[in-house]
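Structure first, commentary second.
Values quoted throughout were computed directly from the atomic coordinates according to the rules given, and no laboratory measurement underlies them. All of these numbers come straight from a predicted model, not from anything done at the bench. Here the Cβ positions follow ideal geometry from the backbone for every residue, glycine too, while neighbour counts run over all protein chains shown.
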Amino acid sequence: MLYELSLKYNTLKMYENTLDQMRKNGVSSEESIARIEQEKQAVESELIELLNPKTEVVESGKKSPSIGEGNKFIQAQKKKAEYKRLYDIRKNFFADIKPLGDNKDQVVYRKAEIPEDKKPTFADVQDKISNSQWISHSNFIFEFPKNEINIDSWRVSGFFYRKKEYGHVCSSQKCTGTSGELFVSVNDFADKNEDGTYNILAKTILKLDAAGKAHVVGNLYAKIISNDGEELYTFCFENCRFICSDSDGFSYETTGLRRVNLTFEYDELHVLAPNEKLAPKELR
């Protein structure tokens with residue numbers, strides 16, 4: 001139950017972040033926005049259904065059970081809240097320890113050597129935490145060059161990258177030694193366009209395969225954003241080349257979304273601040 005709630009919540013937040021970016025940039029069609037809104041509403045309905053436990057029909061004249069009675073999810077949340085109360089770091093655990101008889105004078109509490117006025121208080125720590133910008137796994141918008149790979153940002157379910165070891169054999173003749181591999185997971189789809197044509201992920205991948213190994217697709221970007229949709233920083237994977245793809249199969253044993261994994265090589269990774277552009281190579 002907790003896994004499903006987390007998955008639905010992260011998916012819903014991804015849709016909301018994508019919609020905010022699309023409206024802010026103003027480059028998306030109303031059809032694309034409407035399609036995402038439809039997907040978002042479907043996830044919202046599923047999330048509400050998970051959060052509303054179903055109660056059994058009660059016979060007339062009998063007391064209705066509490067909504068949380070017998071519901072494992074609600075009971076787990078109550079237990080979690082109780083643990084949080086018991087193990088609150090603000091609580092002085094020694095205050096609950098009672099001295100035993102005449103030995104109470106033998107109990108020695110060792111004081112820290114840091115002066116009292118230099119010790120960080122709990123309020124100070126909380127203030128620093130609340131004013132820090134934490135990065136969530138689901139706070140990203142991935143962008144493909146649409147002329148090369150026609151995949152909308154909201155189709156991407158995840159990505160990760162790694163730097164290649166020094167001395168590796170790279171398909172690029174201009175490898176700088178700082179190149180790496182990028183892996184992007186995309187939710188499989190097949191859309192009908194306004195002109196009657198179809199945009200099918202499987203067809204896009206076949207075209208990439210037909211273009212030959214290490215086909216250059218350009219720069220790929222992953223914007224890391226806050227919960228309110230503001231950009232925090234951007235990963236720029238420079239001069240990406242499509243290498244291969246693999247995907248989930250089909251099975252009656254699961255109803256989850258089918259995913260396709262795309263593998264790329266890149267020459268160099270850049271981290272750009274908000275509104276910062278990638279400088280030309282001759283100026284670096």
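Summing +1 for each Lys or Arg and -1 for each Asp or Glu, what net charge is found among the other residues whose Cβ lies under 14 Å from the Cβ of Ser45?
Values: positive: Lys8, Lys40; negative: Glu4, Glu37, Glu39, Glu44, Glu46, Glu49.
Net local charge, Ser45 excluded: -4.
Between Tyr161 and Asn25, what length comes free when the chain is fully extended (0.36 nm per residue of separation minus the Cα-Cα distance, one decimal in nm)? Write down the numbers at each step before the final one.
Working: separation 136, 0.36 × 136 = 48.96 nm, distance 2.67 nm.
Gain on stretching Tyr161 to Asn25: 46.3 nm.
Give the order of Met14, Met22 when sorted by the count of other beta carbons within 10 angstrom, beginning with the fewest. If you can, show how the numbers build up before the last one.
Working: Met14 22, Met22 19.
Result, fewest neighbours first: Met22, Met14.
Kindly rank 33-39, 220-226 from highest to lowest mean number of other beta carbons found within 10 Å of each residue. All intermediate terms of the calculation are to be shown ahead of the outcome.
Working: 33-39: 13.7, 220-226: 19.0.
With the highest mean Cβ count within 10 Å placed first, the list reads 220-226, 33-39.
Could you give the length gained by full extension between Gln126 and Ile200, i.e. 0.36 nm per residue of separation minus their alpha carbon distance, to one decimal place?
21.8 nm is the gain from fully extending Gln126 to Ile200.
Report the charge-dipole magnitude of segment 140-283 in Debye, nearest 20, computed about the Cα centre from +1 at each Lys and Arg Cβ and -1 at each Asp and Glu Cβ.
About 380 debye.
With labels modelled as points extended 7 Å from the Cα through the Cβ direction, what inter-label distance (nm, one decimal) is found for Thr255 paired with Leu7?
Calculated label separation equals 1.1 nm.
If you add up the charges near Leu201, with Lys and Arg at +1 and Asp and Glu at -1, over every other residue whose beta carbon is less than 15 angstrom from its beta carbon, what do you get?
It works out to a net charge of +1.
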